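Heads up, the thing below is written out as structure tokens.
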Amino acid sequence: MAPPASERRGSTRTAVVWSALEPVLGHDALDVLDIGGGTGGLAVRIGELGHRVTVVDPSPDALAALDRRARERDVAVTSRQGDLSSLLDVAGPDSADLVLCHGVLEVVDDPAAALATLARVVRPGGVLSLLVAQRYAAVVARAMAGHFQQALEMLDATAPHGRAGRRFTHDELAGLVRDAGLGVDAVQGIRVFTDLVPGSLLDLEPGATAALVELEQAVASRPEYLPLATQLHLLAHRSS
Ligand SMILES: C[S@@+](CC[C@H](N)C(=O)[O-])C[C@H]1O[C@@H](n2cnc3c(N)ncnc32)[C@H](O)[C@@H]1O
């Protein structure tokens, strides 16, 4: 049976983000910190490569699921309860070669303060990986679902955001990262087409999901497609 649509969307995201992270992970064992790492899908995969991975997350349930996942895969991943506001107490400054912050900036009170904290946790010469929701795609999604009033309200960057949290444009995200003193290396669009393709269409044709992943990989780094992407993935570095 074909995997559910949510899983297919996840596989597109994972494939594109993973191919950007692979060169960063390299061959030497790194100290990797995953803030808001949740149930540890990415953390465990990175741990399997031999890196020293710590997940910090406010949710005890997510951390329990992470511990189970790591045990099942026989991987050592450290889990610590905490959030972005207390990260420097939990992880300490200059403590990680690679900091992952995926799907978290949307929900913090102050993204600029959060980025200042992340920039301090990354070691000089280290890398920050950010994944955030992108605003323009959300407007398109609302309009295509017939929610025209919601789409109209989302055009205004200062409109209050709902439960899904804040959304960013490329320029806003890159600006926040630079203001925190980091250099932007690359920005990719994640799920440019995946959320626009009806799940039933993928079910009909064998191999369609793999072909879609290939298409997503091909457009991810093309700036002209960034405004269509559901999420933005940004890699930044702290100068040595
Ligand atoms: C959308 S999930 C993303 C999980 C994972 N990083 C991923 O990309 O699949 C957001 C995660 O952020 C955590 N979170 C929520 N508020 C946070 C905060 N202020 N600081 C750090 N993590 C937070 C949640 O518990 C949850 O595990």
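What follows draws every value from the coordinates through simple rules; no lab data is involved. In this text, all values refer to a predicted model and were calculated from it rather than measured experimentally. Neighbour counts run over all protein chains shown; Cβ positions are idealised from the backbone, glycine included.
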>> Cut-off is 10 Å between beta-carbons; in what order do Asp31, Asp110 appear when sorted fewest neighbours first?
In response: Asp110, Asp31
> Which ³J(HN,Hα) values, rounded to whole Hz and listed in residue order, are derived for region 76-83 from phi using the Karplus coefficients 6.51, -1.76 and 1.60 in 6.51 cos²θ - 1.76 cosθ + 1.60 with θ = phi - 60°, glycine and proline given as x?
Replying inline: 8, 10, 7, 10, 10, 7, x, 9
> So for region 86-206, Kirkwood radius off the Cα pairs, Stokes-Einstein at 37 °C and 0.692 mPa s: how many µm² s⁻¹?
Replying inline: 201 µm²/s
> Top mean-square fluctuation among His51, His161, His102, Gaussian network model of the chain, C-alpha springs under 10 Å?
Replying inline: His161
>> Taking θ = phi - 60°, what integer Hz values does the Karplus form 6.51 cos²θ - 1.76 cosθ + 1.60 yield along region 224-231, in sequence order, with x for Gly and Pro?
In response: 5, 9, 4, x, 8, 6, 5, 10
>> Please arrange Phe193, Phe148 by how many other C-beta atoms lie within 10 Å of their C-beta, fewest to most.
In response: Phe148, Phe193
>> Over 14 Å apart: what share of the alpha carbon pairs of region 23-64 falls there, rounded to a whole percent?
In response: 43 percent
>> Given N residues in region 1-143, what is its alpha carbon radius of gyration divided by 2.2 N^0.38 Å?
In response: 1.06
> Around Ser79, which amide H atoms from residues at least 5 apart in sequence, or from another chain, sit under 5 Å from its own amide H, with H modelled in the peptide plane?
Replying inline: Val55
>> Taking the beta-carbon count within 10 Å as an exposure proxy, list Ser221, Ser95 from fewest neighbours to most.
In response: Ser221, Ser95
>> Give me a comma-separated list of calculated 3J(HN,Hα) values for region 11-17, in order, Karplus coefficients 6.51, -1.76, 1.60 applied at θ = phi - 60°, integers in Hz, x for any Gly or Pro.
In response: 5, 5, 4, 4, 4, 6, 5
> In nm², what is the average projected area of the convex hull enclosing the Cα atoms of the chain?
Replying inline: 13.4 nm²
> Among Gln134, Gln81, Gln188, whose mean-square fluctuation peaks in a Gaussian network model of the chain (Cα, cutoff 10 Å)?
Replying inline: Gln81
>> Can you say what percent of the DSSP beta bridges in the chain, counting only those with both residues inside, are antiparallel? Round to 5.
In response: 40 percent
>> Using only the Cα atoms of region 27-103, what are the Rg and Dmax in Å?
In response: 11.3, 32
>> If I build a Gaussian network model for the chain, linking alpha-carbon pairs within less than 10 angstrom, which residue out of Ala114, Ala96, Ala164 has the largest mean-square fluctuation?
In response: Ala164
> If you bin every alpha carbon distance in region 147-193 into 10 Å steps from zero, what whole percent lands in each bin?
Replying inline: 20, 41, 33, 6
> Whole-Å semi-axes of region 149-240's equivalent ellipsoid, largest first, each the root of 5 times a Cα gyration tensor eigenvalue?
Replying inline: 28, 21, 9
